[in-house]
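What follows is one structure encoded as structure tokens, with my remarks underneath.
The values are calculated or read from the model by the stated rules, or taken from the named source; none is laboratory data. Treat the numbers as computed from the prediction; the structure is a model and nothing was measured. Every residue, glycine as well, gets a Cβ built from its backbone with ideal geometry; the counts of neighbours run over all protein chains shown.
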Amino acid sequence: MEKFETFRIDYMMNCEIIDLVAIKATPVQLSPFPHSIVGNVLSSEFLSRVQQDFPLVEDAGSFPLTTVQYGGYFAKLIDELKSDAFRQVIAEKFAIDLSDKPVMITVRGKSDHKDGRIHTDSKSKLITVLLYMNEDWQSDGGRLRLLNNDHDLDNYFAEVPPQAGTLLLFKVTENGWHGHKTFLGTRKVLQLNYVVSEAALNKHAKRHGFSAKFKAWRRRLFGNRIS
């Protein structure tokens, strides 16, 4: 008990927006791949402010932070996600050394018919962190499903509604299949990955950056359609 309270004091001093104590206290489910789902992980004092300061993303797909604009409270959230305190909690939960691993953060604001296809994350990613930023989610589509195989979206062992403050953490594995039913419209999510090396980080950044520039060019030509 004394050790837990010491943790609470130390980490609450480091993070105001993210509830690191709740993340640490939520068990990791090991089967069929290591994952943890934490609800209401953002402080109620800051949640609405962070939502208001979330980047305006008008196209489907992932966008690096360098390609979007956002407000001060969202910037503070990013600082906490990049902090040593957050890194240490994630490393301890998944029993993995993340001390020298680069961090990649991207955001999504729109979902289209291409999103949600069953996949595993690339091998250059070690841990995936998904933090959702949507209002109360009513749609059957867009709820991320953690799957038992690579071909059946209805064969799932967990379903994560993308409601604001819901956090999904998982270790990237060969059988870490996930996907969701099609949803067209606003679906806000922040994704953080610890990646294997700076070379891998640069490769991802270059690919996402090119994609963002292409979508901006396409928007100038064709306007506001999701396609």
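Observations on the model:
- Of all residues in the stretch 22-61, those being hydrophobic (A, V, I, L, M, F, W, C), under 21 Å from Lys171 (Cβ atoms) and surrounded by fewer than 17 Cβ atoms within 10 Å (Cβ to Cβ) number 4.
- Restricted to the stretch 1-39, and to residues there that are over 18 Å from the mean Cα position of the chain (by Cα) and of a type in the set (D, E, K, R), the residue that is modelled with the lowest pLDDT is Glu2.
- Filter result (assigned to a strand (DSSP E or B) and either touching a Cys at 6+ places or on another chain (Cβ under 7 Å) or not β-branched (Val, Ile, Thr) (or both)) within the stretch 108-132: Arg108, Gly109, Lys110, Ser111, His119, Lys125, Leu126, Leu130, Leu131, Tyr132
- The one condition in (1) modelled with pLDDT under 95; (2) out of contact with any Gly (no Cβ under 7 Å at 6 or more places or on another chain) that Val57 fails to fulfil: (2)
- Residue count for the stretch 173-204 under the criterion of being assigned to a loop (DSSP other than H, G, I, E, B) and crowded, with 20+ Cβ neighbours inside 10 Å: the result is 3.
- Residue within the stretch 85-105 that is closer than 26 Å to Lys24 by Cα, touching a Cys at 6+ places or on another chain (Cβ under 8 Å) and of a type outside the set (D, E, K, R) present: yes
- Total residues in the stretch 66-79, condition crowded, with 16+ Cβ neighbours inside 10 Å and either touching a Pro at 6+ places or on another chain (Cβ under 7 Å) or at pLDDT 95 or above (or both): 7
- Residue in the stretch 88-107 that is charged (D, E, K, R), assigned to a helix (DSSP H, G or I), in contact (Cβ under 8 Å) with a residue 24 or more places away in the chain and surrounded by fewer than 18 Cβ atoms within 10 Å (Cβ to Cβ) present: yes
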